[in-house]
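To keep things clear, I will list the structure first and then write my remarks on it.
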Amino acid sequence: MKPMIVVLALAMWVAVPAQAAPEQAQATLAYPLESATVKAPFGPRQHPTLKREVLHHGVDFSAAEGDQVLASSAGKVIYAGWYGDYGHVVILDHGHGLTTMYAHLQTALVAVGTTVEAHQAIALAGNTGMSTGPHLHFELRRDGKPIDPAPFFAGRASHG
């Protein structure tokens with residue numbers, strides 16, 4: 001079986017062969033906040049509360065408590081509730097083994113089973129779970145394994 005690269009076309013998740021040229025993998029995800037400032041990227045980092053190096057499975061965006069969190073793509077809510085150290089979360093299934101998770105939320109605005117559109121408000125940002133302050137933790141997973149969402153975002157986020 002050939003490895004796959006995940007791309008989003010016309011708000012639908014699709015898979016294309018991994019040998020596709022990078023320029024063919026067009027922008028795929030909308031940012032989950034109106035103002036997207038990356039505070040911590042995907043990858044190894046010094047954990048702010050554990051004080052040791054760990055793999056950061058997502059991207060942390062700056063957010064104030066109560067900021068609207070937006071669906072990065074159309075999907076179906078498969079979980080909305082407390083999820084351990086992630087605090088309150090919403091998890092969306094986009095098909096083809098792809099899910100997104102929005103964590104450390106103040107509250108969810110959607111319920112399990114709800115179908116959502118890209119850019120739809122699904123939650124309010126917060127400071128729940130193992131968190132050092134208000135922000136949004138965003139994860140993209142393929143078949144349950146975390147992947148770096150940065151290459152799939154439309155446009156660029158600021159870094160701060």
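Among the residues of the stretch 69-81, write down those that are touching an Asp or Glu at 6+ places or on another chain (Cβ under 6 Å) and in a loop (DSSP other than H, G, I, E, B). Don't jump to the end; show me each part of the working.
Applying the first criterion (touching an Asp or Glu at 6+ places or on another chain (Cβ under 6 Å)) to the stretch 69-81 yields 74-76, 78.
Across the stretch 69-81, the qualifying residue is only Ala74.
Of the set (1) under 13 Å from the mean Cα position of the chain (by Cα); (2) of a type outside the set (Lys, Arg); (3) at pLDDT 95 or above, all apply to Gly126 but (1).
Among the criteria (1) under 16 Å from Ala103 (Cβ atoms); (2) modelled with pLDDT of 70 or more; (3) loosely packed, with under 14 Cβ neighbours inside 10 Å; (4) not basic (Lys, Arg), the one Thr49 does not fulfil is (2).
With the structure loaded, tell me whether Gly66 is in contact with a Pro (Cβ under 9 Å, 6 or more places away or on another chain), part of a loop (DSSP other than H, G, I, E, B) and over 11 Å from Pro32 (Cα atoms) or whether it fails that test. Taking the combined requirement at face value, the residue satisfies it. Scanning the stretch 71-100 for residues that are over 15 Å from Arg141 (Cβ atoms), without any contact (Cβ under 8 Å) to a residue 40 or more places away in the chain and among the acidic types (Asp, Glu) yields no hits at all.
The values are calculated or read from the model by the stated rules, or taken from the named source; none is laboratory data. All of these numbers come straight from a predicted model, not from anything done at the bench. Note that each Cβ is placed from the backbone with ideal geometry, even for glycine, and that neighbours are counted across all protein chains shown.
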